[in-house]
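Shown next, in structure tokens, is the structure this report addresses.
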Amino acid sequence: MLCTACPFECEVDRSIERGKCRASDRIEVSIARLHHWEEPPISGSQGSGTVFFSHCNLRCRFCQNYEISQLGRGREVTDEQLLGMMYRLQDQGAHNINLVSPTQYTDQLVPILERAELHVPVVWNSNGYEKVDRVRRLEGLVQVFLPDLKYHSDELARRCSGAPAYFSHASAAVAEMKRQTGTNRYRDDGTILAGVIVRHLVLPGQVEDSIRVLDWIAKELGNDTSVSLMAQYYPCHRARELDGMNRRLTAAEYERVRKSFLKLGFEEGHTQDLSSAKKDYTPDFEQPAS
Ligand code: SF4
């Protein structure tokens, strides 16, 4: 089958060749473990049951997870092994099963999720560069969407992530996620049961683009949409190749975006302290898949 799983529509047979994402047709996992550094409704007190998939359909030059996403660190797993990882995390008390960077495996994951017997929500933790028809296939299988909405400017998206027409694809995908889940629902302890949390990482020198992203969310999805405004950018991987982005975000830049977020009247959101912008914040990639 020729792969058209994401907007790149590479039309390659992944059993014999690789497309933009470099993933084969077999699922590869880098890490599966409880994670305590997601947004509070995701990590809660007991942790989120994260499964980090190898490879990614974007090529972000500043990617903090590039060892997994671009160098492909991980190992192949069978469907049974993947289900076993999810059940183990659920047994360990995870508030949810959090599928991190799953887009390139959407077609493989749908039948697995149809078989999964989970009593905690499934979180689809993606970069947003997805096709609406694939997001529709997740209806009823995924309860919580945690997409990025990285850029408003297509030029910025092309320069930073090599992704043509990022905003039109990602905004349509996020709108479909919101349509499926409606208003967010939470347990009494504040962990999320169903809904959407849109992540946006503020980039150095790109305050206006961030404000345009927030404007779009408020106008098109409504200011009842939960937004995670992230400040954890630091220049890693190939960020040096990006003009003006070989530095951290300044407090003034983040504050301008945060003020705009407040002015737009968002009812629910998560912000980060600038001290989160350090390598320690990223997962420890030395952990084996388990
Ligand atoms: S999932 Fe990978 S191979 Fe398939 S269309 Fe997207 S980038 Fe290409």
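The values are calculated or read from the model by the stated rules, or taken from the named source; none is laboratory data. Small disclaimer: the values here were computed from a predicted structure and weren't measured. Cβ atoms come from the backbone with ideal geometry, glycine included; neighbour counts cover every protein chain shown. Quick note on the areas: whole protein, heavy atoms, side chains included, nothing else; ligands and nucleic acids left out. Shrake-Rupley method; radii C 1.70, N 1.55, O 1.52, S 1.80 Å.
If the Cβ limit is 6 Å and pairs must be 6+ apart or interchain, which residue in the range 6-26 that is aliphatic (A, V, I, L, M) pairs with which residue that is near the ligand (Cβ under 6 Å from one of its atoms)?
That search, which allows pairs on different chains as well, returns VAL12/CYS3; VAL12/GLY19; ALA23/GLN104.
Of the residues PHE62, PHE52, only one is touching a residue at least 60 places away in the same chain (Cβ under 8 Å) and touching a strand residue (DSSP E or B) at 6+ places or on another chain (Cβ under 8 Å); which?
One residue alone meets the criteria, PHE52.
Among the listed residues THR50, THR78, identify the single one that is open to solvent by 40 Å² or more (accessible area, probe 1.4 Å) and at pLDDT 95 or above.
THR78
Among the candidates ASP215, ASP189, single out the residue that is over 23 Å from ARG59 (Cα atoms), open to solvent by 70 Å² or more (accessible area, probe 1.4 Å) and at pLDDT 95 or above.
None of the other options fit; the residue is ASP189.
Name, by its number, the condition in (1) surrounded by fewer than 16 Cβ atoms within 10 Å (Cβ to Cβ); (2) under 20 Å from the mean Cα position of the chain (by Cα) that does not hold for ASN246.
Failed condition: (2).
Going through the range 249-272 one residue at a time, which ones are within 21 Å of the chain's Cα centre (by Cα) and open to solvent by 40 Å² or more (accessible area, probe 1.4 Å)?
ARG258, GLU268, THR271
For the range 113-149, which positions are in contact with a helix residue (DSSP H, G or I) (Cβ under 8 Å, 6 or more places away or on another chain) and touching a residue at least 60 places away in the same chain (Cβ under 8 Å)?
VAL120, VAL123, ASN127, TYR129, GLU130, LYS131, ARG134, VAL144, LEU146, LEU149
Given the conditions (1) over 30 Å from GLN46 (Cβ atoms); (2) part of a helix (DSSP H, G or I); (3) under 20 Å from the mean Cα position of the chain (by Cα), which single one is not true for LYS219?
Result: LYS219 fails condition (3) only.
Counting only residues that are farther than 25 Å from LEU71 by Cα, within 16 Å of the ligand (Cβ to nearest atom) and either open to solvent by 30 Å² or more (accessible area, probe 1.4 Å) or assigned to a strand (DSSP E or B) (or both), how many does the range 98-156 have?
So the count comes out to 3.
Could you check how many residues of the range 48-67 are hydroxyl-bearing (Ser, Thr, Tyr), away from the ligand (no atom under 13 Å from the Cβ) and either assigned to a loop (DSSP other than H, G, I, E, B) or within 16 Å of SER161 (Cβ to Cβ) (or both)?
Number satisfying all stated conditions: 1.
Scan the range 8-47 residue by residue and report those that are outside any strand (DSSP E or B), surrounded by 17 or more Cβ atoms within 10 Å (Cβ to Cβ) and more than 7 Å from the ligand (Cβ to nearest atom).
Within the range 8-47, ARG22, SER24, ILE27, GLU38, GLU39, PRO41, ILE42, SER43, GLY44, GLY47 qualify.
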